[in-house]
Amino acid sequence: MGESQSNAFLRGPCLSGLNFRLFSAQSRAMGVPEDDLRTHCGSLVEDLLPVLLDPTSMSLDHEAAAGGGGRVSPVEVLAHAWGEAIRLVALAHRDCGLDPDISWRDKCQMPYAAEDELLGGEWMREMRVYVDDTSSGDRRWRIEPSSPLADNREVFLDTLCIYLQTYPTRDLSLWHRAPEGTPDFDGAVRRQRLVDSLRPVLEKHDLHVTDAGEVMFREFSGTRAVVEGPTLDALDGVGWTDVADKLREAEGEIRADRFGDAITDSAVALEVALRRAGHEGNTLGERLKSARRSGGFAGADTKLGSGLEELVAWMTAVRNTKSDAHDAASSDQAEAVLALRLSATVAAWLGGRASTPDSQDLSA
């Protein structure tokens, strides 16, 4: 994934052209304090290792690359895949971690990347990871407090995000002379199996992972995985990152109980979306009227335009009387959430239509 790709998800101090949904980017957008991001995470790593080293969840592509097509241990497969993810995280964090002018105390300390030729055992020593055989015959994974894997929760979870989001999902069933979609050989099934196994372990540490491999604090998940997340992704996908960023700001304001600020941010996001779609005007209402006059709501969409005009009138009234831009009665959470979701949905609809012009002619 080259640096020329759309910078859709990385915001704040960590900027790159890598198109990943990272734990650090979302947490910072939500206003999580730095100390909560860069804390040590030894118990989290120890709890996740048995899942990450489950051979039934490993990528067959990584297994082949790690062992040249031969049989290799799960540790060697993880070492190869994790080394790839670490290198990508290093790129993602280069502006905050690799700048020589930044104090070492503020750097994101990167785990060492395992080179392809290193065996799993050597990678484990580099990571200071050990396994003990218990009296019951089970294996218990443990790490030293100085393990590079556990030094920085932000970096570890960003690496996990990239590991999951770059997980090969090809179906290799036919190559293995098995029926198409055979679970053991279908990459999509194997990745889902891994995500399903990670989820209860992460929940113990107040974290959540989506099916797409996005790791976040559990308090941020809620409906975001099925509502806000895909909507913002759609805006990022058509290049309307300024709209998506303003909506992310509104999300953060709601979580901080600044509901008036959230309404202002939501209204600004919708106004920017209408501008992006080519509709002129000095206010949100004027831009929507411009959209209707120019045929943006023709044919079957006429009634939709009328309804949106009423909704925008409501948003404008709330913004004018209850937002942070005016001294008046305070807004409540319900109003802020409604304004956010109205703006996000309409903005995503506008973005989708702008990216597929043929969809705008519905008058036939």
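Ala90 meets all of the listed conditions (1) modelled with pLDDT of 75 or more; (2) assigned to a helix (DSSP H, G or I) but one, namely (1). Condition check for Gly187 on (1) touching a Phe, Trp or Tyr at 6+ places or on another chain (Cβ under 9 Å); (2) closer than 17 Å to Val89 by Cβ: one failure, at (2). Only one entry in Ala188, Ala178, Ala212 is under 13 Å from the mean Cα position of the chain (by Cα), surrounded by fewer than 16 Cβ atoms within 10 Å (Cβ to Cβ), in the same structural domain as Val51 (by TED's automatic domain parsing) and not acidic (Asp, Glu), namely Ala212. The numbered conditions (1) acidic (Asp, Glu); (2) surrounded by fewer than 21 Cβ atoms within 10 Å (Cβ to Cβ); (3) assigned to a helix (DSSP H, G or I) are all true for Asp257 except (3).
In the stretch 51-59, is there at least one residue being part of a helix (DSSP H, G or I) and modelled with pLDDT of 85 or more? Let's see the steps before the verdict.
Of the residues in the stretch 51-59, the ones part of a helix (DSSP H, G or I) are 51-52.
Next cut, modelled with pLDDT of 85 or more only: 51-52.
Scanning the stretch 51-59, I find at least one residue that is part of a helix (DSSP H, G or I) and modelled with pLDDT of 85 or more, so the answer is yes.
On the basis of being modelled with pLDDT of 85 or more and touching a strand residue (DSSP E or B) at 6+ places or on another chain (Cβ under 8 Å), does Val32 make the cut? Taking the combined requirement at face value, the residue does not satisfy it. When you scan the stretch 41-49, do you find a residue that is surrounded by fewer than 13 Cβ atoms within 10 Å (Cβ to Cβ) and modelled with pLDDT of 75 or more, even just one? Within the stretch 41-49, one or more residues are surrounded by fewer than 13 Cβ atoms within 10 Å (Cβ to Cβ) and modelled with pLDDT of 75 or more. Whether a residue is assigned to a loop (DSSP other than H, G, I, E, B), surrounded by 21 or more Cβ atoms within 10 Å (Cβ to Cβ) and at pLDDT 55 or above was assessed, and Leu18 passes this test. Residue check: Val226 meets all listed conditions (1) modelled with pLDDT under 90; (2) under 20 Å from Leu48 (Cα atoms); (3) surrounded by fewer than 18 Cβ atoms within 10 Å (Cβ to Cβ) but one, namely (2). Look at (1) touching a helix residue (DSSP H, G or I) at 6+ places or on another chain (Cβ under 9 Å); (2) crowded, with 16+ Cβ neighbours inside 10 Å; (3) outside any loop (DSSP other than H, G, I, E, B) and you find that Arg193 fails only one, number (1).
In this structure, is Asp206 without any contact (Cβ under 8 Å) to a residue 60 or more places away in the chain, surrounded by fewer than 18 Cβ atoms within 10 Å (Cβ to Cβ) and on the phi > 0 side of the Ramachandran plot?
Details: without any contact (Cβ under 8 Å) to a residue 60 or more places away in the chain: yes; surrounded by fewer than 18 Cβ atoms within 10 Å (Cβ to Cβ): yes; on the phi > 0 side of the Ramachandran plot: yes.
Yes, satisfied.
The numbered conditions (1) touching a helix residue (DSSP H, G or I) at 6+ places or on another chain (Cβ under 8 Å); (2) under 30 Å from Ser43 (Cα atoms) are all true for Pro200 except (1). When Ser359 is tested against (1) of a type outside the set (Phe, Trp, Tyr); (2) in a helix (DSSP H, G or I); (3) within 18 Å of Leu270 (Cβ to Cβ); (4) modelled with pLDDT under 75, exactly one condition is not met: (3).
In the condition set (1) more than 31 Å from the chain's Cα centre (by Cα); (2) surrounded by fewer than 20 Cβ atoms within 10 Å (Cβ to Cβ); (3) modelled with pLDDT under 80, Trp314 is compliant with all but (3). Scanning the stretch 135-178 for residues that are in contact (Cβ under 8 Å) with a residue 40 or more places away in the chain and in contact with a Ser or Thr (Cβ under 6 Å, 6 or more places away or on another chain) yields Arg153, Glu154, Asp158, Tyr167, Pro168.
For the stretch 133-143, the criterion of being touching a strand residue (DSSP E or B) at 6+ places or on another chain (Cβ under 8 Å), modelled with pLDDT under 75 and hydroxyl-bearing (Ser, Thr, Tyr) is satisfied by at least one residue.
The values are calculated or read from the model by the stated rules, or taken from the named source; none is laboratory data. All of these numbers come straight from a predicted model, not from anything done at the bench. Using ideal geometry, Cβ is built from the backbone for each residue, glycine included, and neighbour counts are taken over all protein chains shown.
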